[in-house]
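Only one structure is covered here, and it is reproduced in the block below.
The values are calculated or read from the model by the stated rules, or taken from the named source; none is laboratory data. The structure presented is a predicted model; accordingly, all values stated were derived computationally and were not measured. Note that each Cβ is placed from the backbone with ideal geometry, even for glycine, and that neighbours are counted across all protein chains shown.
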Amino acid sequence: MHLQTRCDLTFDITVPTPFVFMLRPRSGYQQWVSCEKYMLYPLTTVREFTDLYGNLCQRLIAPVGDFSISTSAEVIVSDGVDREPGGIFIEIPHLPDYVLGYLLPSRYCESEHFSMMAAEITAGYAWGYDQVAAIESWIRSTIRYELSGSDAPVTASEVNTRQWGVCRDLAHLGIALCRALSIPARMVVGFLHGLEPMDMHAWFEAYVADRWYTFDPTQTESRGGYVVLGYGRDAADVAVYNQFGPAVFPTTKTVSVKHIE
């Protein structure tokens, strides 16, 4: 599947404002970036770096006045999502070093509170992939998916208490439940072809059967069209932008994903 993604943001800057953006997809085993554009107006100095999770981040100081950032990319992704029913649970001594951090509680995924609940949800399922699939199915049928809600992330415990959330919130709950079973899980943010209404999207991945697999409790069926911008422990690690100083919010925001014939 050949997709074109686009994100346009405009800000009204009152004082010179430091930003860190995460708006460039990176080629990997699930996607290939064949072409991209990254435009700033007015033009300002940008320094790019790779963060602790391998994400491409852009650091700059936005000048006073109207400041806009426009990004687009052509990305080749899979037509479907890989599934592995029966995929085995990887015991902790055999996990790669770099996934160990995804076993630990984090700011929005307090997995230490979910051990009993995770065991109940996955009772009778084979350890590994089938447990994660059971968690995905349970969230889909139990937690109400809201297309819009609070801009502020909430914790997995808060999502479980109120029984609803946006895509980011449902991913937090899935991650916490997986980690409670000693299954590494991470947050993913990016684009999804066909998402309605169109916006940035969040889902989660779990490490079973010696690789990462995609899970998305917000979607009623498995399908392709995911374009990854970033990975992290939870929403704190994968914001598409962080700004420092007086609060600044986009005055306009446009997101699109188109299929290229």
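Brief remarks on what is shown
- Filter result for residue 127 (surrounded by fewer than 20 Cβ atoms within 10 Å (Cβ to Cβ), in contact with a strand residue (DSSP E or B) (Cβ under 9 Å, 6 or more places away or on another chain), farther than 30 Å from residue 94 by Cα and not aliphatic (A, V, I, L, M)): no
- Residues being loosely packed, with under 14 Cβ neighbours inside 10 Å, among the hydrophobic types (A, V, I, L, M, F, W, C) and under 28 Å from residue 52 (Cβ atoms) - total across segment 237-261: 3
- For segment 218-234, filtering for residues that are among the aliphatic types (A, V, I, L, M) and either in the same structural domain as residue 33 (by TED's automatic domain parsing) or exposed (fewer than 13 other Cβ atoms within 10 Å of the Cβ) (or both) leaves 0.
- In the condition set (1) in contact with a Ser or Thr (Cβ under 7 Å, 6 or more places away or on another chain); (2) outside the structural domain of residue 232 (by TED's automatic domain parsing), residue 145 is compliant with all but (2).
- Any hit, segment 152-159, residues being of a type in the set (Ser, Thr, Tyr), free of Cβ contacts under 8 Å to residues at least 24 places away in the same chain and surrounded by fewer than 24 Cβ atoms within 10 Å (Cβ to Cβ): no
- Selection status of residue 106, buried (at least 16 other Cβ atoms within 10 Å of the Cβ) and within 27 Å of residue 178 (Cβ to Cβ): yes
- First in segment 211-230 and closer than 18 Å to residue 170 by Cβ, second anywhere and surrounded by fewer than 21 Cβ atoms within 10 Å (Cβ to Cβ) and aromatic (Phe, Trp, Tyr), Cβ under 6 Å, 6 or more apart: 218/145
- Single unsatisfied condition, residue 38 versus (1) without any contact (Cβ under 8 Å) to a residue 60 or more places away in the chain; (2) within 23 Å of residue 247 (Cβ to Cβ); (3) touching a Leu at 6+ places or on another chain (Cβ under 9 Å): (2)
- Filter result (within 13 Å of the chain's Cα centre (by Cα) and either farther than 20 Å from residue 97 by Cα or part of a helix (DSSP H, G or I) (or both)) within segment 174-213: 174, 175, 189, 190, 191, 192, 199, 200, 201, 202, 203
- Scanning segment 3-25 for residues that are of a type in the set (A, V, I, L, M) and more than 20 Å from residue 191 (Cβ to Cβ) turns up 13, 15.
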